[in-house]
Structure formats: C-alpha cells, structure tokens
Amino acid sequence: MTESGNGPLTGVRVVELAGIGPGPFAAMLLADLGADVVRVDRPGGPGLGIDPACDITNRNKRSVLVDLKSPDGVAQVLELVERADVLVEGYRPGVAERLGVGPEECLARNPRLVYGRMTGWGQQGPLAGTAGHDIGYIAITGALGMIGPPDGPPAVPANLLGDYAGGSLYLVIGVLAALQHARTEGGTGQVVDAAIVDGTAHLTAMIHGMLAAGGWQDRRSANLLDGGAPFYGAYETADGGYMAVGALEKRFYGEFVRLLGIEEEAPSRDDLAAWGELRTAIAARFRTRTREEWTAVFAESDACVAPVLSLREAPQHPHLAARGTFVEHSGLTQPAPAPRFSRTPGAVRRPPAQPGADSAEIARDWQIPGLLAPLPADAPSAGPGRTEQKDTAG
C-alpha cells in the first residue's frame, strides 16, 4: 500500500482571513488533512489573547501579514484568491464586502472558488448583524436547555457544542462538498453560509425525532441520554473523582451491576418509580472506592464505565496512548489529526503559524512577489475591540 504523509487534501489551497474561534479551527482541520492553508493575519493580531506559539488551531498553516484597510492589502488578498481553491472568513455579515474581499469580488477573480463564511447567526435574519458567542447560539436552538440537572441552570459545555461541532465541522463539510462540485465538469464555485445556529440545530435531529415519537420529554434530566436514567450519568468516587456510566443495554447493565457489587439488592431498572432508589444505591457504592480502584474493576469489561479524566490526564489513558490520539509536536501536547486515512494519513507537520513569519515562503510558492511589500507605516492595530473584523462566532 502506497502511503502519503501529507493527507488527502494535498494540493488544495486555502486562504484563511484571520479571526478567532471556529473559523481558525475549521482551517486547522483542512490543514491537518493536507491542504496548504495561508492565514492572512492583520497588524495587531486577532485578539485571542494567548501566545501565538501555543495556538494549536494555527498548526500546519503559514502566515502572511496584510493590512486589509489599505488598497495594496486588498490587492494582495485578491491575488491569493486567484490561486486558491477555498477562502474561509468569519467576519460579521457585510464586513468582507466593505473591505473589498467579499464573495462578489473574489468569485469574479476566481469563478471556481469555494467561499466559506463562518458566523454564529448566519448571513441573514434579525440577529445576523449582532455580536454573539457560543452560549447564546446553542441557547436558542434548544441544545443548551437539554444539558444539566433538573433543579438548576443548564450546564455550559465549554464552547465545544456550538463553535466547533455546530460551527467548524459544518463549515468543513460544506467546503468539501462545494469543492467537490466546483471540480466536477461544469461545476462552479459558490458561497457556503455556515451558521452555528444552523449546525447546532441540525445536531439535535435525532432528539427531535424522539420528541415527536413521544420518546423524549422536553425537560432536563428526564430522559435516557441526558442523565435522567440512573445507569447513564457520572458518579463521585471516594477520592472526589468521577466515573462515567453508560450501561444502556440490558446485557451491559447486567455486567455493570455485577462488577459494581449491587446485583442482588439493586431495584429493577425497568421500574421507573424506583429510579431514585437505584441512583442512590449506585452513588453509595461508587463512594466506597477511589476513581483508580473503580477504573481497575471495570477495565476491559463490557459494563460501559470509564473514568472522567482532566485535559492533562487524557493523553496518558492507555487506550488513547496506544492509538496515538494525542501527539507531542514543537513542545506542545495536542490532539492528533482526525479522522484517519489508510492511504493518505494526515499529520502535524508544522508548529502554530507565527503572524507574518512565512511571507517570503508563500510569495515564492504561490508566485505572488507583491506579498513582500512592506506594510504601511500607519497600518492600524486591530485588537479585540475592532468589531468590523471581530469573529462573531465565539
């Protein structure tokens, strides 16, 4: 089997107009899969507030500094667009157009370009022009309201559900589908409008089906998959750790209660009126041993029980270590590229791109000598408060 270490998107050129949140993550995923991603950074940076050398979402990319407030900067971006397959931007609706790098200008220069737009609210709608963050996007879709205890506020799932699952991944799906169309006979480029509210709503499709069928109650912790069932949730251990239990199927549940040691006294799981009693029995038993001890008890069983690990602990888990789910590169522990490919595996090839560090290399490889022109002396600083280039998606 002939393999390439560059990924299945080798040869695809991507221009990323720098922002924060889901846009850079989507571009990182394309880069992980082998695309040549050029990140167009602006003077002053995007305002993420962390050391660029640690910004893993900019790995496998190259960076050029461009002042999009100047005519020369716009011309440089349009030259990149002429040679690109994909453009990714995460501005508020209308900002790219005002800067002169909107879909009309870009597609006029490159009719086969896939123009990917990443926002929270989308390009149209009453909220399209307003600021927002992940928590608000997932709130109005009903997704946030499903998570957490019944007698308290919803639990906030970091910004994983909205920004990255409902946002970045849907943008990548859209970009790849549009790229396939653009490369077919008679195909053309087009705009991909990836809104976090749309993607997050789409993620709830199965739940909406269960709701329609009467198999889901529209409230928290009252259902099989939201912590309502005592055999699907997290339990505290003697040392303050937690074990995650997902023993849904009866044969797995049987293994679970046997290894937990409550097989004889546990009430029937089919008796919903006894779920409170069952939960109490499970919780009491888990509190008798440490997380490490329970991990050993359930190791390699079909009880569907796992320790709840922290971010720093996760890379050392034996299964993840065996699979190489995390890698070390440039002094950073980070998730490895995913998914995996048998013939064209992706890889972490480059450390996080430093703003403007690759201008000469990009000018040579993309044959755009104009990228080496010095920035205007009065190039504006675009910190986090500059709303015209603020990434509204979190």
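The values are calculated or read from the model by the stated rules, or taken from the named source; none is laboratory data. As the structure is a prediction and not an experimental result, all values here were calculated from the model. With ideal geometry, Cβ positions are generated from the backbone for all residues, glycine too; neighbour counts draw on all protein chains shown. These area figures cover heavy atoms from the full protein model, side chains too; ligands, DNA and RNA do not enter into them. Shrake-Rupley method; radii C 1.70, N 1.55, O 1.52, S 1.80 Å.
Find the centroid of the Cα atoms in the range 74-99 and in the range 249-311, then give the distance between the two in whole Å.
Using only Cα atoms, the two centres lie 54 Å from each other.
In what sequence, highest mean first, do 192-200, 65-73 appear when ranked by Cβ atoms within 10 angstrom?
Sorting 192-200, 65-73 by mean packing, highest first, produces 192-200, 65-73.
Please list LYS61, LYS250 in order of solvent-accessible area, largest first, computed with a 1.4 Å probe with all protein chains present.
From most exposed to least exposed: LYS250, LYS61.
Can you give the charge dipole size of the chain about its Cα centre, rounded to the nearest 20 debye, using +1 on the beta carbon of Lys and Arg and -1 on the beta carbon of Asp and Glu?
Using only the charged Cβ atoms, the result is roughly 400 debye.
Are there any helices in the chain, counted as whole DSSP H runs, that stretch 18 Å or more along their axis by Cα and score at least -0.5 on average by Kyte-Doolittle, and if so which? Each step should come with its number before you reach the end.
Details: long enough: 71-83 (19 Å, 0.12); 169-182 (19 Å, 1.79).
Helices passing the filter in the chain: 71-83, 169-182.
Take the Cα gyration tensor of the range 269-373, multiply each eigenvalue by 5, square-root it, and list the three semi-axes largest first, rounded to whole angstrom.
Whole-Å semi-axes of the equivalent ellipsoid: 49, 15, 15.
For the chain, restrict the atom set to alpha-carbon positions and state the Rg and Dmax in Å.
Every Cα atom of the chain included, Rg and Dmax give 24.4, 78 Å.
Assign unit charges at the C-beta atoms only (+1 for Lys and Arg, -1 for Asp and Glu), then state the dipole size of the range 93-163 relative to its Cα centre in Debye, rounded to the nearest 20.
280 debye
What do the square roots of 5 times the Cα gyration tensor eigenvalues come to for the range 141-266, in whole Å, largest first, as semi-axes of the equivalent ellipsoid?
Semi-axis lengths for the range 141-266 are 39, 17, 15 Å.
Stokes-Einstein D for the range 239-293 at 4 °C, 1.567 mPa s, Kirkwood Rh over Cα pairs, in µm²/s?
Once the numbers are plugged in, D ends up at 109 µm²/s.
Charges on Cβ only, +1 for Lys and Arg, -1 for Asp and Glu, centred on the Cα centroid of the range 1-131; of THR119, PRO71, LEU9, which one is farthest towards the dipole's positive end?
Result: THR119.
Could you tell me which of rounded, prolate or oblate describes the range 206-337, using a ≥ b ≥ c as the square roots of the eigenvalues of the alpha-carbon gyration tensor, with rounded for a/c under 1.5 and, failing that, prolate when a/b is larger than b/c and oblate otherwise?
Here the range 206-337 falls in the oblate category.
Starting from the Cα gyration tensor of the range 28-98, take the square roots of the eigenvalues, sort them a ≥ b ≥ c, and report rounded, prolate or oblate (rounded when a/c is under 1.5, otherwise prolate if a/b is larger than b/c, else oblate).
In terms of gyration-tensor shape, oblate.
Using modelled backbone amide H atoms (1.01 Å from N, in-plane), which distant-in-sequence or interchain residues come within less than 5 Å of VAL37's amide H?
For VAL37, the qualifying residues are VAL14, ARG62.
May I ask which residue of ALA357, ALA212, GLY23 lies farthest towards the positive end of the charge dipole of the chain, with charges of +1 (Lys, Arg) and -1 (Asp, Glu) on Cβ and the Cα centre as origin?
Checking the options against the dipole of the chain, the answer is ALA357.
Within a Cβ distance under 14 Å of GLY228, other residues only, what is the Lys/Arg minus Asp/Glu net charge?
Counting the neighbours of GLY228, the net charge comes to +1.
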